Amino acid sequence: MSKKQILITGGAGFIGSHLVRHFVHKYPQYLIINLDALTYAGNLESLIDLDGRENYTFVKGDIRDENVVNDVFKEHRISHVIHAAAESHVDRSILDPLSFVKTNVLGTVNLLQVAKSFWQGNYHDHVFYQISTDEVFGALGDTGYFTEETAYDPRSPYSASKASADHFVRAWHHTYGFPTLLSNCSNNYGPNQFPEKLLPLMIRNIIAEKSLPVYGEGQNIRDWLYVLDHVSAIDVIFHKGKVGETYNIGGDNEMRNIDLVYTLCDQMDKALSRDHGTSRRLITFVKDRAGHDFRYAIDAAKIRNELGWFPATPFEQGLQKTINWYLENQSWVDHVNSGEYQTYYEAQYATR
């Protein structure tokens, strides 16, 4: 494979950190530049094992800052972009929608502009890959699936900001012939996820024997995708996807939220040697989230048929791996909960 200088944005986040590690280890001939602003969800402690790797560079910076992005492109001669940086928590978007507009929309357009200017219309062996979400499609009823042809119908400030960014990416392709790829994924789960998300929050609360808040009656349905399966799909799309195309990535694991929590409770009881049913008694139903979409479900036939990808991790296996990781990495969890993880950059990078 040819030498590539790949900018991965948001590489200190949940999906981004797994993506960075995968590319650094699997493709030693590539230079991986991780650009992350290290906001609350960016955690360099998730990438300690990459410190000192010759094909890995971390840059602290904001994708909204044109000067920062320009400097990264010039210094590292960026040939490819995998854009994973995003504000992504729906609850936060309801409270502070402007932050999502600034990062997810304006930040994406800034990256597109800089890449277009730097590549100067010579798009051979260049790609801008936008990582998006199934939430841009809106909500499904009891039947049906999101396909690549499903019209966008975002229902939250978060999904609206991602939908807007996706439209700009496609506009760059159609207007300028800009080389783009785009994928929409279902709910990710796995190690290193920030504790505001459902599974790590529940795991943490079960360990502490605190209440497990479930929105409404827990009837909302999601398709769950193990994060390393998502990363493998990104890898396949990046190397084999057709420029200008979109690919849906799903886990084939549709589940009601309450059933997910029940399954997690039962596995946690085993892992913690507690009596069966102990954790289920912690479940508390709380007021439903505003505009809570009922069901998401991905039809991943296109990536399966055209690129040969399929999710390799059965849900209960992935869930057990996730539980084991959190139980074995309590110091990581403690650092996140205390905010101490934010000092790692200063200790490791700021004085260099």
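The values are calculated or read from the model by the stated rules, or taken from the named source; none is laboratory data. Keep in mind it's a predicted model, so treat the numbers as computed, not measured. Heads up, the Cβs are rebuilt from the backbone with ideal geometry, glycines too, and the neighbour counts pull from every protein chain shown. We work out accessible area using only protein heavy atoms, side chains counted, and drop any ligands, DNA or RNA first. Shrake-Rupley method; radii C 1.70, N 1.55, O 1.52, S 1.80 Å.
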Next item on the list: Quick one: angle between helix 14-26 and the longest Cα principal axis of the chain, in degrees between 0 and 90, rounded to 10, please.
Entry: 60
Next item on the list: Starting from the Cα of residue 321, draw a straight line to each of the lysines and keep only those under 18 Å, dropping any in the same chain fewer than 8 residues away.
Entry: 197, 270
Notebook entry, point to check: When averaged across all projection directions, what area in nm² does the alpha-carbon convex hull of the stretch 1-154 cover?
Noted result: 10.8
Notebook entry, point to check: Efficiency by 1/(1 + (r/R0)^6): what FRET value for residue 219 and residue 242, r their Cβ-Cβ distance, R0 = 35 Å, to the nearest 0.05?
Noted result: 0.40
Notebook entry, point to check: Which of 193, 211, 253 sits closest to the plus end of the dipole of the stretch 178-273, meaning its Cα is farthest towards the positive end, when Lys and Arg get +1 and Asp and Glu get -1 on the C-beta?
Noted result: 193
Note to self: Please compute the per residue accessible area over the stretch 19-164 with all protein chains in place, 1.4 Å probe, rounded to a whole number of Å².
What the structure shows: 42
Margin query: If packing is taken as the average number of other Cβ atoms within 10 Å across a peptide's residues, how do 103-113, 46-56, 282-292 rank, most packed first?
Written below: 103-113, 46-56, 282-292
Margin query: Nothing charged except the Cβ atoms of Lys and Arg (+1) and of Asp and Glu (-1): what's the magnitude of the dipole of the stretch 280-352 about its Cα centre? Round to the nearest 20 debye.
Written below: 280
Note to self: Through the Karplus equation 6.51 cos²θ - 1.76 cosθ + 1.60, θ set to phi - 60°, convert the phi angles of the stretch 70-78 into ³J(HN,Hα) values in whole Hz; use x for Gly and Pro.
What the structure shows: 4, 4, 5, 4, 6, 5, 10, 6, 4
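How large, in percent, is the carbon and sulfur part of the accessible surface of the stretch 160-273 at a probe radius of 1.4 Å?
Answer for the stretch 160-273: carbon and sulfur cover 51 percent of the accessible area.
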Checklist line | Computed E for residue 301/residue 49 - FRET, C-beta separation, R0 25 angstrom, nearest 0.05 | finding: 0.10
Notebook entry, point to check: What is the spread of the Cα atoms of the chain along each of their three principal axes, largest first, in whole Å?
Noted result: 62, 49, 38
Check: On full extension of the chain, what length is gained from residue 337 through residue 316, given 0.36 nm per residue of separation minus the C-alpha to C-alpha distance?
Finding: 4.9 nm
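Let me know the charge dipole size of the chain about its Cα centre in debye, to the nearest 20, where only the beta-carbon of Lys, Arg (+1) and Asp, Glu (-1) is charged. Provide the component values of the computation, followed by the final result.
Numbers: 33 positive and 43 negative charges, 93 e Å.
Result for the chain is approximately 440 debye, rounded to the nearest 20.
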